[in-house]
1. With r defined as the distance between the Cβ atoms of Arg265 and Arg103 and R0 fixed at 45 Å, what FRET efficiency is calculated, to the nearest 0.05?
2. Asp129 versus Lys50, label points 7 Å from Cα toward the beta carbon: distance in nm?
3. Take the eigenvalues of the Cα gyration tensor for segment 195-283, scale each by 5, and report the square roots as semi-axes in whole Å, largest first.
4. Rank these by accessible area, largest first, 1.4 Å probe: Met245, Met152, Met142.
5. For a quick check of your reading of the filter: which trypsin sites (Lys or Arg not before Pro) in segment 68-120 sit in a DSSP loop and have no more than 15 other Cβ atoms within 10 Å?
6. Pop the C-beta distance of Leu281 and Glu61 into the FRET formula with R0 = 35 Å and round what comes out to the nearest 0.05.
7. Computed FRET efficiency, Cβ-Cβ of Lys154 and Ala88, R0 35 Å: what is it to the nearest 0.05?
Amino acid sequence: MCIRDRYQRRVRGRFCSIPCCQSIHISRRSRAKAGTLDLPSSVIEFLQGKIGVPEIYGLPEPFTTNVLSAKGLAPYKGEHLPPFNFDALKKDLKAKYETYKFREVDFVSAALYPKVFKEYLDFTATYGDLSALPTQYFILPMTPGEELSWEMEKGGVQIVKFTAVSNGIDANGQRTVFFEVNGQPLSIQVVDKKTLSSEIQQREAADPTNPGSIGAPMNGVVVEIRQEPGRSVSAGTPLLVLSAMKMETVVSSPVGGKIAKLNVRVGDQVKTGDLLCLVELPK
């Protein structure tokens, strides 16, 4: 299976995770509302044909045409694309990340997923190469007294034992973590994200009977606010951007009117159905 086919399967999975799109035979109601649906950018690019057209099913119609027309987009003609300049990409990445040892597959990843690959490189620059760390400890926290070992390089085995963590947090929301590396006691300051996330407020829910009460289409984090209270908007005007599992979704106003209330700020975590914005309809 080629890279394009794998990426198509990945985006089709995102497409089918959206409630209104869980069947290739999209409902009549969803087709009628196609222009007002807030879809992830990767799904919109999928509908444009930017990663090719699935050979078996094709793209769902007239849903695809309705979505693209409402957003002022046209189908993507890949055959007219200029050749990709991998030499320039390699030169740019090697200049920005001098210490990273690039492989050829890294440049393909950077070309296909530029934003995600940059996040990976920035993470690696901050925390180092964690590929040798056992997967379960990358995902789940250790418990006091637990010990793990891994080979950082040939012949270089690291043995780490988690001993304790301080009870309280400091003014910056940090706890002190105590551990041993090959028997040597060490400690570091770590931000307690669990404590910070527990302070998230219970949000007001959107009113499904009010078309101007705009709720979150999915769980996510607000990464950008594009409007402000008091401003007049028309149907289809972008209001804000949500990010979830590397997908960014532009939330647009389904109606025209004046923004009476913005219920979120950049960095806020929201759940599906939480009120994001209230648009006052013209009288």
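1. Working: r = 40 Å, r/R0 = 0.89.
So the FRET efficiency works out to roughly 0.65.
2. Placing both labels 7 Å beyond Cα along the Cβ direction yields 3.2 nm.
3. On the way: eigenvalues 96, 37, 26 Å².
Ellipsoid semi-axes (Å, largest first): 22, 14, 11.
4. Values: Met245 170, Met152 105, Met142 45 Å².
Result of the area sort, largest leading: Met245, Met152, Met142.
5. Details: sites: Lys71, Lys77, Lys90, Lys91, Lys94, Lys96, Lys101, Arg103, Lys115, Lys118; in loops: Lys71, Lys77, Lys101, Arg103.
Sparse-neighbourhood loop trypsin sites (Lys or Arg not before Pro): Lys77, Lys101, Arg103.
6. Values: r = 32 Å, r/R0 = 0.91.
According to the calculation, E is roughly 0.65.
7. On the way: r = 35 Å, r/R0 = 0.99.
Here the calculated transfer efficiency is 0.50.
The values are calculated or read from the model by the stated rules, or taken from the named source; none is laboratory data. Everything numeric in this text was worked out from a predicted model, so none of it was measured. Note: ideal-geometry Cβ built from the backbone for every residue, glycine included; neighbour counts use all protein chains shown. Surface accessibility is based on the protein's heavy atoms, side chains included, excluding ligands, DNA and RNA. Shrake-Rupley method; radii C 1.70, N 1.55, O 1.52, S 1.80 Å.
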